[in-house]
Amino acid sequence: MEVIELKHPLISHKLAILRDKRTGTKEFREIISELSSFLCYEALRDAKTKEVEIETPITTTKGQMINEDNYAFVPILRAGTGMLDGLIKVMPNAKIGHIGMYRNEETLDPVRYYYKIPNGIEDREVIVLDPMLATGGSGIDAINSLKQSGAKKIKFLCIIAAPEGIKRIQEIHPDVQIYCTSIDEKLNDIGYIVPGLGDAGDRIFGTK
């Protein structure tokens, strides 16, 4: 599937602030949440709706509603939780799962330490959250785990993506649609995205 890269002057503006090393924790966290909401809007563009009858202050009319119970948001810990608030604001009744991983700094491979997902995952559309799609290792491992649990429709949302990570996910999971706000230039020698924005987890939680 073709990667969907959101293009909008407001997103470009927010990304510029996000990339700036002088941007503080509070503002960085808020912008991650805002951009995540934009990504959620785009990822739900194909959401199925059901016609309902509602009563306005003026009259009775018909409207279209989404069954929020059909969706599960699954952040990859810990940085992915920084995106979660932005999606919950858009769809507060979606189910939430968590996949805990950290990157082995020598091999750059993901190491999973926690896995908890909602029941009935096979009947839900699953949206995986991770601010940075770098090598693709964590994303692939998360998608593998979700598919093994029965998930059939998965989308991957990130703020920044590297071409190398996109390529790896597309090769192994061509059925997974990727959404991002920027496809950056490349990975450097230690697996960080260039120009990127640094370590998203550290900047979201103020740990460096």
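In terms of other Cβ atoms within 10 Å, Asp141, Asp189 run from fewest to most in the order Asp189, Asp141. Sorted fewest first by neighbouring Cβ atoms within 10 angstrom, Lys152, Lys116, Lys14 come out as Lys116, Lys152, Lys14.
Computed across the stretch 65-132, the Kirkwood hydrodynamic radius from all distinct Cα-Cα pairs reaches 12.7 Å.
Summing Lys and Arg as +1 and Asp and Glu as -1 over all other residues whose Cβ lies under 12 Å from the Cβ of Lys147 gives a net charge of -1. Each Lys or Arg adds one and each Asp or Glu takes one away; over the other residues whose Cβ falls under 14 Å from the Cβ of Gln177, this sums to -2.
The stretch 17-61 and the stretch 106-170 have their alpha-carbon centroids 21 Å apart. Computed packing ranks the peptides 52-62, 128-138 as 128-138, 52-62, most packed first, by mean other Cβ atoms within 10 Å. The value obtained for the stretch 34-93, namely the Cα convex hull volume divided by the number of residues, is 103 Å³ per residue.
An ellipsoid equivalent to the chain, defined through the eigenvalues of its Cα gyration tensor, has semi-axes of 29, 21, 15 Å when rounded to whole angstrom and sorted largest first.
Placing unit charges on the Cβ atoms only, positive for Lys and Arg and negative for Asp and Glu, gives the stretch 4-205 a dipole magnitude near 140 debye about its Cα centre.
A short reminder: the numbers here are calculations on the coordinates, not readings from a lab. Just so you know, these numbers come straight off a predicted model, no measurement behind them. Counting neighbours? That spans all protein chains shown, and the Cβs are built from the backbone with ideal geometry, glycine included.
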